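Let me begin by presenting the structure, written as structure tokens, before commenting on it.
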Amino acid sequence: MSLKARVAQAVDKAFNAIGDLKQTGTLKVKNVGSYDFASQTTKGSVSTQTIELFIESKKSKSGEGFTTSALIKGVVDLEVYDTLTVGGVAYNITDYSDNGFVTEAILSKEK
Amino acid sequence: MAFENILNNIEAQFATPEWSANKIATYPVNYQGSKSNTNEYCLLSVMPSASDYYAYDAKKSTKGLVAVKIFVKAGEGSKRTMIISDKLDALLQNKTYGTTELGTSYLTVEGLDPSNTALYSASYIIPFTHYGE
């Protein structure tokens with residue numbers, strides 16, 4: 001088994017081990033490819049994807065919205081146009097990084 | 001409606017065949033989607049900045065700037081920047097669109113883009129005055 005497959009297997013194992021801490025979210029992906037100056041709107045396609053994630057932390061400053069850090073199983077390409085719905089709450093995606101196996105996303109929500 | 005009308009009058013010009021024929025990828029500021037040509041593109045900003053009444057019956061005029069940030073591939077001189085600026089002049093300089101009058105342009109050459117040094121940038125600036133709402 002290759003090292004890559006071994007790490008991917010370990011990620012699967014870890015997500016199974018956390019039991020009900022693991023959540024399922026719906027990622028609404030909007031792939032924007034151009035802007036139409038005639039209609040003054042972005043043009044692109046929208047698709048949805050179900051993902052498994054683990055909410056790591058949540059922080060908020062007094063009087064402001066809050067940001068949430070989430071660990072997503074697998075590699076997902078996130079953009080500012082995308083939204084992630086977890087437990088009925090829709091988050092905007094403000095930042096993300098991945099290492100080829102898991103994606104760490106910073107999610108924001110207005111108060 | 002003045003601000004929206006200014007934006008409509010300017011942005012509509014970038015949808016015309018006259019501009020599209022140049023095949024220069026152009027996006028508005030606050031666009032974060034993918035770009036068709038990452039080595040050469042323009043970002044359009046419309047920035048109203050001051051307003052006044054120009055007649056006794058309270059007709060409003062709004063002044064501001066249209067800024068087009070031009071990105072071209074770094075390391076290949078500045079000719080392409082000048083060519084694109086001339087094409088923008090042909091589209092915008094001393095033109096009137098609706099009740100938006102555009103003035104004369106100038107160019108600020110900025111050099112290598114600090115966030116992506118594979119690109120060289122310049123800002124094409126042209127003032128406008130919009131009459132009425």
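Read-outs: derived from the displayed coordinates by stated rules, not from any lab. These numbers come from a predicted model, not from an experiment. Positions of Cβ are backbone-derived with ideal geometry, glycine not excepted, and every protein chain shown enters the neighbour counts.
Some values worked out for this structure:
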read-out: Conditions (1) buried (at least 18 other Cβ atoms within 10 Å of the Cβ); (2) of a type in the set (S, T, N, Q); (3) within 24 Å of A:S34 (Cα to Cα); (4) touching a Gly at 6+ places or on another chain (Cβ under 8 Å); number of the one not met by B:S34; value: (1)
read-out: Inter-residue pairs, beta-carbon under 6 Å, first at the interface with chain B (Cβ under 8 Å from one of its Cβ atoms) and in region A:30-41, second surrounded by 15 or more Cβ atoms within 10 Å (Cβ to Cβ) and of a type in the set (V, I, T), 6+ apart; value: A:V32/A:T42; A:Y35/A:T42
read-out: Complete set of residues in region A:58-67 that are surrounded by 12 or more Cβ atoms within 10 Å (Cβ to Cβ) and out of contact with any Ser or Thr (no Cβ under 7 Å at 6 or more places or on another chain); value: A:S60
read-out: Breaking point among (1) touching a Pro at 6+ places or on another chain (Cβ under 8 Å); (2) away from every other protein chain (no Cβ under 14 Å), for A:T50; value: (1)
read-out: Matching residues in region B:6-64 - criterion: being at the interface with chain A (Cβ under 8 Å from one of its Cβ atoms) and out of contact with any strand residue (DSSP E or B) (no Cβ under 8 Å at 6 or more places or on another chain); value: B:N8
read-out: Residue list for region B:1-46, filter: polar (S, T, N, Q) and outside any helix (DSSP H, G or I); value: B:T16, B:N22, B:T26, B:N30, B:Q32, B:S34, B:S36, B:N37, B:T38, B:N39, B:S45
